[in-house]
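For reference, the structure discussed in these notes is given below.
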Amino acid sequence: MHVVFLDVLRDLTQNGTYAWGTAALVHMYDNLNEASKSTVRQLAGYITPLQCWIYEHFSFVGSTLATKDYDERRPRACQWTSCKALPVSTYRRRLDRLTPDVVGWIPYGDHHSFREFEVISLLFGHLKWGPLTIIHQPERIV
């Protein structure tokens, strides 16, 4: 993490007041922006939310196994166990062959009875954390 963000950790009693999910999303988007360039060969940052999103929407792209004893009351990320990583070229090839019929368009339907859907998650616009500002456009995915 960039040293500029250490300032928010100066007073640990304030940690509960920060939108850490937003901070994670801003960093992930910023890192994805860099990683989407053809010359880049790796992705920086904490990518568990991205991995889980991919597993849910594009199950054929990654190599994962669903955890047999997963309980819907647990965080969604606990549902997946990663397998051996494949070369980046394999993932790019799979994504290039993507067709609408293999996408999980509504992957969280069975999870709503345990974690209610919040309308605030439909937010689109600019998200800012420290010096980083990203455009959040979830409607591009839907």
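The values are calculated or read from the model by the stated rules, or taken from the named source; none is laboratory data. This is a predicted model, so every value here is computed, not measured. Virtual Cβ from ideal backbone geometry, glycine too; neighbours counted across all protein chains shown. Heavy atoms of the whole protein, side chains included, go into the accessibility calculation; ligands, DNA and RNA do not. Shrake-Rupley method; radii C 1.70, N 1.55, O 1.52, S 1.80 Å.
Need pairs with beta-carbon distance below 9 Å; first residue free of Cβ contacts under 8 Å to residues at least 40 places away in the same chain and within segment 53-69, second among the aromatic types (F, W, Y) and open to solvent by less than 40 Å² (accessible area, probe 1.4 Å); sequence gap 6+ or separate chains.
Taking only residues 6 or more apart or on different chains, the pairs are V61/Y55; G62/Y55; T64/Y55; A66/Y55.
Name the pairs: first residue in segment 4-29 and under 26 Å from W53 (Cα atoms), second residue assigned to a helix (DSSP H, G or I) and of a type in the set (A, V, I, L, M, F, W, C), Cβ to Cβ under 7 Å, at least 6 apart or on different chains?
Y18/V8; M28/L50
On the given criteria, is R73 surrounded by fewer than 13 Cβ atoms within 10 Å (Cβ to Cβ), in contact (Cβ under 8 Å) with a residue 40 or more places away in the chain and not acidic (D, E)? Walk me through how you get there before you give the answer.
Values: surrounded by fewer than 13 Cβ atoms within 10 Å (Cβ to Cβ): yes; in contact (Cβ under 8 Å) with a residue 40 or more places away in the chain: yes; not acidic (D, E): yes.
Yes; evaluated as a whole, the condition is true for this residue.
State whether one or more residues within segment 32-47 are among the β-branched types (V, I, T), part of a helix (DSSP H, G or I) and modelled with pLDDT under 80.
Our first condition is that a residue be among the β-branched types (V, I, T); within segment 32-47, this holds for 39-40, 47.
Checking which are part of a helix (DSSP H, G or I) leaves us with none.
The answer is no; no qualifying residue exists.
Yes or no: segment 115-126 includes at least one residue that is at pLDDT 75 or above and surrounded by fewer than 13 Cβ atoms within 10 Å (Cβ to Cβ).
Going through segment 115-126, the residues at pLDDT 75 or above turn out to be 125-126.
Checking the rest, the ones that are also surrounded by fewer than 13 Cβ atoms within 10 Å (Cβ to Cβ) come to 125-126.
Within segment 115-126 (the criterion being at pLDDT 75 or above and surrounded by fewer than 13 Cβ atoms within 10 Å (Cβ to Cβ)), the answer is yes, since at least one residue qualifies.
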